[in-house]
């Protein structure tokens, strides 16, 4: 048992509980900073996320706050794209030779993008519904599958965005209740990170002992962070966390 990784898990869980900022945006760069190989950091984070998102998925399914058709269309694009991306990194020699470098730079770009999107979401006001939002979901099938495929590649490569990027896409192109957006996001994220995590696990990239240590810290961390969320102003804290993620991304480039 390495107490350092339990403490990292506790910190990440606490920040997620307090701010709602995606755990992968914090966890993956922290693991790399402690000396974990980038490929293993991404794989372990995906596997860890599949466990944590399972419980949220069960709860939202029970609450009937999941848009099944949207989950189906997203998954039809995201899961195959994630599998193809992971297999290409493993078995295509030009990519495999530089996979850690590719992952590190992609991670840096995604952290910068996620932090800027988070800041924009916090400080920009919402506009009126656009033309895409007013169309029914069945008329946007291929758009949804395309979004899923594009973002699925990104998640498989960096472990980042299974929640935040898809949530942003849903806000831009679909009209959902707040509870339905969260539920749909979590259930789809569970399916995507589980598929990607199992692919990595089959290739021997997942560190199971590390996953367990992170979970030991993150579970009480989330509980503590959720309690603190009622005491600490959310908007300034989320802004500060977006700034930290931005700096982390710049350092990885």
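Bear in mind that the values in this text are calculations on the coordinates, not laboratory data. Source: prediction; values computed, not measured. Every residue, glycine as well, gets a Cβ built from its backbone with ideal geometry; the counts of neighbours run over all protein chains shown.
Of note:
- Cα convex hull of region 30-121, projected area averaged across orientations, nm²: 7.8
- Residue among 34, 52, 184 with the largest mean-square fluctuation in a Gaussian network model of the chain, springs linking Cα atoms under 10 Å: 34
- Expected 222 nm ellipticity per residue - DSSP helices of 4 or more, -39500 (n - 2.57), all of the chain, to 500: -27000 deg cm²/dmol
- The relative contact order of the chain comes to 46 percent, based on Cα pairs under 8 Å that sit 6 or more residues apart.
- Working note: Debye formula, equal point scatterers on the alpha-carbon atoms of region 83-209, no solvent; log10 I(q)/I(0) at q = 0.12, 0.22 Å⁻¹ is -0.54, -1.38.
- Across region 139-187, counting alpha-carbon atoms alone, Rg and Dmax equal 10.7, 31 Å.
- Each of 15, 172 has some number of other Cβ atoms within 10 Å of its Cβ, and from fewest to most they run 172, 15.
- Spin-label model distance (nm) - residue 239 vs residue 95, 7 Å beyond Cα toward Cβ: 4.0
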